[in-house]
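Reviewing the structure listed below.
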Amino acid sequence: MAKRIISTKHAPEAIGTYSQAVRSGNTVYISGQIPLDPRTMTLAGYSFSEQCERVFENLKAVAEAAGGSLQDVLKLNIYLVDLGHFAKVNEIMARYFVEPYPARAAVGVAALPKNAQLEIEAIMEVSES
């Protein structure tokens with residue numbers, strides 16, 4: 001099956017050898033998003049809340065560029081430098097998703113690119129195009 005690269009200027013450009021997302025059939029694999037402001041390519045805010053909101057906005061932009069929305073997300077993998085922020089992720093995530101929520105994993109990590117406090121990747125399914 002052919003793969004299609006998804007790209008949008010409304011999310012940070014790839015800072016390495018990867019694509020913002022790849023679509024194969026109806027499945028879209030969204031690369032990990034860190035809290036980079038897509039206009040400046042710098043970290044958005046210093047607080048965890050600001051960074052978390054930026055990550056969800058980035059995911060939303062890539063999902064929309066792929067022809068879907070966050071409601072089409074099947075699975076999220078969340079990487080946190082401080083697992084103490086888990087409750088805040090739940091609070092902010094509730095602003096972006098409605099039930100039924102996607103499957104999810106949350107993993108504590110030692111460090112993330114650009115000293116981000118979190119990174120989130122997603123798998124979603126979209127309609128035929």
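The values are calculated or read from the model by the stated rules, or taken from the named source; none is laboratory data. This one's a predicted model, so the numbers in the text were calculated from it and none came from an experiment. Cβ placement follows ideal geometry from the backbone for every residue including glycine, while neighbour counts extend to all protein chains displayed.
For the reader, a short list of remarks on this structure follows.
- Residue count, segment 108-127 (criterion: assigned to a helix (DSSP H, G or I) and crowded, with 22+ Cβ neighbours inside 10 Å): 0
- Residues being surrounded by 14 or more Cβ atoms within 10 Å (Cβ to Cβ), among the aliphatic types (A, V, I, L, M) and part of a loop (DSSP other than H, G, I, E, B) - total across segment 1-19: 1
- Residue check, ILE92 in contact with a Ser or Thr (Cβ under 7 Å, 6 or more places away or on another chain), among the aliphatic types (A, V, I, L, M) and either farther than 30 Å from GLU128 by Cα or assigned to a helix (DSSP H, G or I) (or both): yes
Each row is one residue, and each column tells you yes or no for (1) farther than 19 Å from LYS3 by Cβ; (2) of a type in the set (S, T, N, Q); (3) touching a residue at least 40 places away in the same chain (Cβ under 8 Å).
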{"site": "ASN26", "(1), (2), (3)": "no, yes, yes"}
{"site": "ALA63", "(1), (2), (3)": "no, no, yes"}
{"site": "LEU76", "(1), (2), (3)": "yes, no, yes"}
{"site": "LEU83", "(1), (2), (3)": "yes, no, no"}
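- Number of the condition not met by GLU50 [criteria: (1) under 16 Å from SER31 (Cα atoms); (2) acidic (Asp, Glu); (3) assigned to a helix (DSSP H, G or I)]: (1)
- Qualifying residue in segment 33-41 (condition: part of a strand (DSSP E or B), buried (at least 20 other Cβ atoms within 10 Å of the Cβ), at pLDDT 95 or above and not β-branched (Val, Ile, Thr)): yes
- The residue list ALA44, ALA87 contains one member that is buried (at least 17 other Cβ atoms within 10 Å of the Cβ), free of Cβ contacts under 8 Å to residues at least 12 places away in the same chain and of a type outside the set (D, E, K, R), which is ALA44.
- Here is the figure for segment 45-97: residues that are modelled with pLDDT under 95 and touching a helix residue (DSSP H, G or I) at 6+ places or on another chain (Cβ under 6 Å) total 1.
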